[in-house]
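Okay, so here's the structure we're looking at.
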Amino acid sequence: MSARPTVVVTRRLPADVEERLRALFDARLNAQDAPLDATALAAAMRDADALLPTVTDRIDAALLGASDRRVRIVSNFGVGFNNIDVAAAKANGVVVTNTPDVLTDDTADLAVTLMLMVARRTGEGERHVRAGQWTGWRPTQLLGTRVTGKTLGLIGFGRIGRAVAKRARNGFGMRVLFHDPYTSDADAQALGAERRASIEEVLHESDYGSLHCPAPAETHHLMNTARVAAMRRGAFLINTSRGDVVDEAALMRALLDGTIAGAGLDVFEREPAVPRELAAMENVVLLPHLGSATEETRVAMGNRAIDNLAAFFDGGAPRDRVA
Ligand code: DGY
């Protein structure tokens, strides 16, 4: 790397990551951790060589196509990159990278956490205890649904889907079904998972449905009214992918009329907004997009984003280039 490239980092990152950024680049860190507004993002695109954004920053065609843009690489802090207009980046010769692999296990752990929480009604139980309402053990209190031995249907069988399959098979003896047109049968066989030709078939046979697909335009509202209705009565839906993969209004109707038994959601259509009706339901578990939120993973994501920047400015090929 010759002159130190200027890198704008849109949010606070773990201390070790910020230290490494400062050591390698002219890093413009966000001490207040306040999200950059459109004006600040436009200024960053104009004044920096690189941008290190997160899922909450919309890097759209106007920013990428601006005539005064100096940024040549957008190194996203996250495996999902639906916050970036990748087609516009390609059209304007801006490199985009993401942070795959390093968050697979923690995100899979969180999907399993949601499945257990919603099935065993742990959110309800915790609220009950904290509210001082618990009057003692009784045989019929807060009866949940068994997880062990049941059928889990995975929509998407990439890295995270496969990691969930492994946990479900080995930890809970579950039968695992999946739909994913892009995965090989060898991957599935090694994990003892059974392929189904359609999403509907998976949902129809599963007690738990878990979403692990990316969030490009094709998966917007993939779980629409018809697909939610294709689930078994008494089934649970888990989403740790992206909020807009689920039509939230359709899901809420299904939760209210008993089409499905419950949902465990880590992501929402209009984050950080969560519909009030959803938050009022007892048969849902709602988390604030925590999939990759461990110290270990967030440090690893930061280092991966830095490695991509360093490779680019050294004149090499960033390992995680997506555009
Ligand atoms: C990811 O990496 O995609 C997580 O959802 C955080 O952005």
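The values are calculated or read from the model by the stated rules, or taken from the named source; none is laboratory data. Computed from a predicted structure; not experimentally measured. Please note that ligands, DNA and RNA were not included when accessible areas were found on the heavy atoms of the full protein model with its side chains. Shrake-Rupley method; radii C 1.70, N 1.55, O 1.52, S 1.80 Å.
Here the alpha carbons of region 171-294 define both size measures, Rg and Dmax, at 14.5, 44 Å. Would you work out what percent of the accessible area of region 209-287, with all protein chains in place, is carbon or sulfur (probe 1.4 Å)? Roughly 56 percent of what the probe reaches on region 209-287 is carbon or sulfur. Measuring max minus min along each principal axis, the C-alpha atoms of the chain give extents of 69, 49, 32 Å (largest first).
Between residue 220 and residue 146, full extension at 0.36 nm per residue minus the direct alpha carbon distance yields a gain of 23.6 nm. Karplus-derived 3J(HN,Hα) values for region 88-97, using 6.51 cos²θ - 1.76 cosθ + 1.60 with θ = phi - 60°, are 5, 4, 4, 4, 9, x, 9, 7, 10, 10 Hz; glycine and proline are entered as x.
With the cut-off at 1.5 for a/c, could you classify region 81-213 from its C-alpha gyration tensor as rounded, prolate or oblate? It is oblate, given that a/c is not under 1.5 and a/b is not larger than b/c.
Once backbone amide H atoms are built at 1.01 Å from N, residue 194 has 176, 177, 178 as its partners under 5 Å, excluding neighbours fewer than 5 places away on the same chain. Subtracting the Cα-Cα distance of residue 270 and residue 23 from 0.36 nm times their residue separation leaves 85.3 nm of extension gain. Ligands, DNA and RNA left out, the accessible area of region 1-109 computed with a 1.4 Å probe is 50% carbon and sulfur.
Largest GNM mean-square fluctuation among 313, 157, 77, using the chain with Cα springs under 10 Å: 313. Ligands, DNA and RNA are left out, and with a 1.4 angstrom probe the accessible area of region 115-265 is 48 Å² per residue.
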